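Worksheet: one structure, shown below.
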Amino acid sequence: MNSFLALSRLQKQMIAAAADFLFLPLTFCFAVLLRHDMSDMTILGHYWWLICAVPFISIPIFLRLGLYRAVIRFIDQKIVFVVIMGVSISVLLLVALAAFATHMIDMSRGVFGIYWMTAITYVVASRFLARGFLLSPKNGEEAIRVAIYGAGSAGSQLANALKASKEYMPVAFIDDTRELKGATIAGIKIYPSSALPDLIARSNISEVLLAVPSFSKSQQMQVFNTLEPLKVKVKVAPPVASLVNGELRKQDVRDIEIEDLLGRDQVAPDQGLLSACISGKCVMVTGAGGSIGSELCRQIIQLSPTHLILLEMSEFALYSIKQELEGIKATQGLALQLLPFLGSVLDTEKCERIMRTFQVDTLYHAAAYKHVPLVEHNPIEGVLNNVFGTLSIAKAAMASQVKCFVLISTDKAVRPTNVMGSSKRLAELILQAFARQYGQTRFCMVRFGNVLGSSGSVVPLFRKQIEAGGPITLTHPEITRYFMTIPEAAQLVLQAGAMGEGGDVFVLDMGEPVKIVDLAARMVHLSGLEVRSLSAPEGIEIEHVGLRPGEKLYEELLIGDNVEGTNHPRIMRAQEAEIPWHELEALLDAMYAACNNFDCEALRSLLLQTVKEYQPQCGIEDLIWSKEQQLSACKAGGPPPISSPDRPGLQVVA
């Protein structure tokens, strides 16, 4: 069979046509014998010329109707209508031919009626028998036995696609709709969800495919809660329309993502807010190649700006997002100018020249160092980029009379325990001070938690560790985090930016915080495995390796309780403490000098003085400073300093 499947499409079509060329005349002979005496074969001699004409009339008609273009493995009931039409037309032409030549022979009209029925039966049956043969499991092929959760139109179409696959075998539908209980679809019986435990054991089901595209995230969560206690893998099936040739492959079925487990439905955006600062305007994005910056660019380009300016330090990141946006622009016929600039936000003069030359209206400042342990090990670079980069780009924006400036902030700026969080809070304080001191540029900040989809996300890491048999590395059993998808976060940033009045700190509704150990356990269960315990010694181990430098157990979004709602249900406005510019400026000057002098102790002291809520979770973790302190201590004959990054419990975990 493999040699047949390896043939070209033209060769397969020729084989199908050759089979019809042989069997259609035999079918006509059978119709003649049924109408007359089955034992009198001589009667066929009176019809010989019609028997010869059958394939020459029928095959061109079948060819014209596309019967030979159909892929046998993927045909469905729709082919019956094509066959009926093709056979009917060919019979009518045969009748017309016989009527034209009626003086030559006395023919029975009943022959044509019998041939019409037998020809339809032959053509349809031959196609479905071939389909069944091609799809039947062969020796050595082990299809994954699956149950399809959802017996609606998506589930039934998915079952047909699965049957065309060598990799999956559907054995049951799961659906709690009362009217469908005990029914069958495509020969597959429908069971309620309560029957799953027994069904998994009895039918050797190893995976459950979720095929309910109409379900909201909260409804999907209820399904996951039902399936989690069962020792079976749970995966999400793709829309059938997205499958190539209607065939489902292993790579088409995706694993459970964290957004599936959050049970969070996205709120429809306010189009007026989305376009207010973008449509018909020149827009600039710093950090345009990063996870948030690139998604902002993807959404901004859809809102009809006149120009989109991309500022990025990484050449590869800038090239990648530029190519992607050019592709979107060409595909959708968008009329705007994309302008890529390699450079740093610390280059005030270059940034100002860009903004002045192209008359930037709106600026989204996403450029920042955000990885907590890395910034903890490189505090001076973190402060220079996050604090003085924001100061530099804000001054350039004011000098260029940019109308709206939106800072992408973080929940780690709230009562920070690390340099990254304190530097982002300091960036907020700078913009708040500018908003009170200068009124030409409208500054606002948008603060949110962890976004999903980045290479450092815990979900792909946990999945790799589960596939490897464990252990799952977790920093602390009590650690919790807020999560949001990158597209939703970017969409809310664009809307919040349009609400700003000056100095606003907007906080996005991140939903409920997620306990990471529960997330890990749920991923193990939905992979058909168990967490290691006394009752399951062979399960996946969850190993706690200690908090990383500067890491918090719990993230927060608000410093105080003074928060008010906005016109958008997912966006809140926080009232946070501020520092007047004349006070802040002196502290920033001293901090810049400390950075230039590589004085980590002075920098730590100034951060503590400026960001009142800053409570360092660890000592100074700068790698050079720590090593120098170790060497000094060794020379003096004393023990190494307690802030050494080599001490247990503070190792960096991917």
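Tabulated data for the structure shown
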{"read-out": "Shape box of segment 341-397 [Cα atoms, principal axes, largest first, Å]", "value": "38, 19, 18"}
{"read-out": "Burial ordering of 14, 499, fewest other beta-carbon atoms within 10 Å first", "value": "14, 499"}
{"read-out": "5 Å binning of all Cα-Cα separations within segment 570-628, expressed as whole percents from 0 upward", "value": "4, 15, 21, 20, 16, 11, 8, 4, 2, 0"}
{"read-out": "Principal axis box of segment 270-387, alpha-carbon based, largest edge first, Å", "value": "45, 29, 27"}
{"read-out": "Cα centroid of segment 361-438 to Cα centroid of segment 9-29, whole Å", "value": "73"}
{"read-out": "Stretch gain in nm, segment residue 602-residue 64, where the contour uses 0.36 nm per residue and the Cα spacing is subtracted", "value": "185.3 nm"}
{"read-out": "Taking 28, 215 and counting other C-beta atoms within 10 Å, the order from fewest to most", "value": "215, 28"}
{"read-out": "Violating pairs (Cα-Cα greater than 19 angstrom) within the set 424/515; 350/412; 281/370; 412/612", "value": "424/515; 350/412; 281/370"}
{"read-out": "Along each principal axis, Cα extent of segment 350-437, largest first, Å", "value": "38, 25, 16"}
{"read-out": "Summed side-chain charge close to residue 308 - residues other than residue 308 whose Cβ falls under 13 Å, Lys, Arg +1, Asp, Glu -1", "value": "0"}
{"read-out": "FRET efficiency, 1/(1 + (r/R0)^6) with R0 35 Å, evaluated for residue 467 and residue 564 via beta carbons", "value": "0.15"}
{"read-out": "Average Cα contact separation per residue, segment 314-451, under 8 Å, 6 or more apart, as relative contact order %", "value": "24"}
{"read-out": "Packing-based exposure ordering (other Cβ within 10 Å, fewest first) of 295, 315", "value": "315, 295"}
{"read-out": "Segment 282-309-segment 582-618 distance, computed between alpha-carbon centres (Å)", "value": "32"}
{"read-out": "Relative contact order for segment 279-371, counting Cα pairs under 8 Å that sit 6 or more residues apart, in percent", "value": "40"}
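Every number here is computed from the coordinates shown, using simple stated rules; none is lab data. The shown structure was predicted, so the numbers you read here are calculated from the model rather than taken from an experiment. Glycine also receives a Cβ, built like all others from the backbone with ideal geometry; neighbour counts cover every protein chain displayed.
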